[in-house]
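One structure is given below, encoded as structure tokens.
The values are calculated or read from the model by the stated rules, or taken from the named source; none is laboratory data. What you are looking at is a predicted structure, and each value in this text was computed from that prediction instead of being measured. In this analysis, Cβ positions are derived from the backbone assuming ideal geometry, glycine residues included, and neighbour counts consider all displayed protein chains.
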Amino acid sequence: MSKEYKDLKSVIGKYNKVIVTGPHGAGNKIMTKIISKDFNLPEVRGEYAWDLNGYDKQDGIKTFHKNHVNNKYSSFGPSQSGHLHRITDYLRDVLVVFMYKDMNSIERYSERNKFVKDQSHKYEWSVYRQMVMEDFPESAQYLRKSIEQLTYHIWENHQRVLIPNWVEVSHSSLEGHELWISKEDRKEFKEWQTTF
């Protein structure tokens with residue numbers, strides 16, 4: 001299947017609930033904004049530090065989805081990627097958009113973004129370590145790779161087949177969209193910045 005956004009718009013347009021996820025730095029935020037604009041869906045932030053053992057807590061991931069069951073949204077959720085296969089019942093009418101970008105660019109982004117490096121990755125490593133050992137122990141050797149490499153491995157080899165509705169989008173295929181900002185113009189951007 002194509003990873004070109006323009007080729008996937010007809011699929012994306014069939015859904016009123018979209019979760020954009022993948023490694024931090026893969027284009028999750030700009031994709032969320034583009035889907036929100038192109039399909040008139042409200043932007044929702046869904047990148048909380050969810051506990052694998054606390055899905056039903058007041059701030060748990062199941063509670064998040066229950067609270068949005070009747071809503072339309074384009075959700076920025078890079079931190080949801082490690083949980084997807086455990087919440088498939090909540091994804092029946094949700095499209096998961098998994099973002100792809102070259103590994104060097106993603107890893108450089110993680111190095112530049114102190115919050116991702118010092119906070120998000122710390123949380124996600126704990127999620128992935130527990131989740132891999134409990135759900136996919138045959139992939140334990142990938143725990144020695146970067147969090148970005150591990151995220152793609154788990155998606156491609158375990159999660160993708162379990163998710164009811166998904167597409168994969170290449171970050172580079174967003175070039176030319178009116179919200180796109182070239183790499184050259186983005187080089188002085190601060191963390192999380194997506195507009196001038």
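Values computed for the structure shown
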quantity	calculated
Positions within the range 32-82 being surrounded by fewer than 14 Cβ atoms within 10 Å (Cβ to Cβ), in contact (Cβ under 8 Å) with a residue 60 or more places away in the chain and under 27 Å from L8 (Cα atoms), in sequence order	none
Boolean, F115 is at pLDDT below 85 and either hydrophobic (A, V, I, L, M, F, W, C) or not in a strand (DSSP E or B) (or both)	yes
Number of the exception - L8 against (1) surrounded by fewer than 16 Cβ atoms within 10 Å (Cβ to Cβ); (2) over 14 Å from the mean Cα position of the chain (by Cα)	(1)
Subset of the range 124-134 (residues that are over 15 Å from the mean Cα position of the chain (by Cα) and either aliphatic (A, V, I, L, M) or crowded, with 16+ Cβ neighbours inside 10 Å (or both))	M131, V132, M133
Selection status of K29, more than 21 Å from V161 (Cα to Cα) and surrounded by fewer than 16 Cβ atoms within 10 Å (Cβ to Cβ)	no
All positions within the range 148-185 that are in contact with a His (Cβ under 6 Å, 6 or more places away or on another chain) and hydrophobic (A, V, I, L, M, F, W, C)	L162
Every pair of residues 6+ apart whose Cβ atoms lie under 9 Å, when the first sits in the range 158-182 and is among the hydroxyl-bearing types (S, T, Y) while the second is part of a helix (DSSP H, G or I)	S170/Y5; S173/Y5; S173/K6; S173/D7; S173/L8
The range 56-108, subset among the small types (G, A, S) and within 21 Å of Y5 (Cβ to Cβ), residue farthest from the chain's Cα centre (by Cα)	S105
Residue selected from the range 95-109 under the condition at pLDDT 95 or above and not charged (D, E, K, R), by the criterion surrounded by the fewest Cβ atoms within 10 Å (Cβ to Cβ)	Y100
